[in-house]
Amino acid sequence: MIKLALLASGNGTNVQQIAEYFKDSEDVKVELVIVNKKDAYVRQRARNLGIDEVYYDRNSFYNTNIVLEMLEKRGIDYIVLAGFLWLIPNNLIKSYNNRIINIHPALLPKYGGKGMYGYNVHKAVIENKEKESGITIHYVNERYDEGQIIFQAKCYILPNDTADDLASKIHLLEKEYFPKVIESVVVSQ
Ligand code: GAR
């Protein structure tokens with residue numbers, strides 16, 4: 001069984017979709033949800049799904065090996081960032097080289113980098129009157145949004161679309177593709 005740890009910071013719609021997709025899988029299991037915000041709604045979602053969830057603060061992530069030790073103790077094979085908004089610490093990058101996957105709600109390399117996450121991305125895309133946006137699923141390295149791209153999917157933006165409209169389109173793409181792409185990466189490697 002290939003074991004995933006999902007890292008999340010917020011609402012957790014992606015965590016929910018990934019967990020539901022792999023619920024009956026014989027190959028892949030969502031073993032653990034790791035959260036970096038104490039009051040994130042994703043914690044409740046994980047509990048409702050019957051998945052262990054654990055919270056770590058900034059100090060634990062960046063100045064200790066607690067997170068890495070937990071991942072190793074639970075036999076985690078892949079880390080999936082499902083709306084996780086911090087840079088991944090170097091000890092995790094080293095130990096999970098090419099085994100950390102992120103989803104970004106835009107067509108990288110555009111609209112990536114520090115501060116470009118979630119709704120901020122959609123606002124910037126709409127303000128710049130882009131005609132299309134999309135999702136990028138990529139490996140994670142030590143810099144924000146710069147790891148090797150695995151998959152992209154596009155959506156069109158209509159002239160009157162708001163950032164909320166775009167967010168809805170992006171969530172549909174995430175739902176449709178993220179779990180399948182994770183599966184194809186972890187099962188094929
Ligand atoms: C998702 O749209 C994801 O692509 C984005 O945060 C949202 C989390 O939603 N990730 C980033 O912006 C990473 N830079 P969720 O908590 O409902 O899954």
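The values are calculated or read from the model by the stated rules, or taken from the named source; none is laboratory data. Keep in mind that this is a model prediction, so the values were computed, not measured. Because the Cβ atoms are built from the backbone with ideal geometry, glycine has one as well, and the counts that use them run over all protein chains shown. The area values use the complete protein model at the heavy-atom level, side chains included, leaving out ligands, DNA and RNA. Shrake-Rupley method; radii C 1.70, N 1.55, O 1.52, S 1.80 Å.
Observations on the model:
- Simple spin-label estimate for Asp39 and Asn120 gives 2.0 nm between the two label positions (7 Å along the Cα-to-Cβ direction from each Cα).
- Prolate/oblate/rounded label for the range 1-113 (Cα gyration tensor, a/c 1.5): rounded
- Fluctuation leader among Ile79, Ile100, Ile150 - the chain, Gaussian network, Cα springs under 10 angstrom: Ile150
- Residue ranking by accessible heavy-atom surface, 1.4 Å probe, largest first, among Lys94, Lys29 comes out as Lys94, Lys29.
- Three-way shape call for the chain based on the alpha-carbon gyration tensor, with the a/c threshold at 1.5: prolate
- Shape call, the range 99-189: gyration tensor on alpha carbons, a/c limit 1.5: oblate
- The stretch between Lys175 and Asn128, if pulled fully straight at 0.36 nm per residue, gains 14.4 nm over its current Cα-Cα span.
- Bridges between two residues of the chain, per DSSP, are antiparallel at a rate of about 40%.
- Using a probe of 1.4 Å on the protein chains alone, the accessible area found for His171 is around 90 Å².
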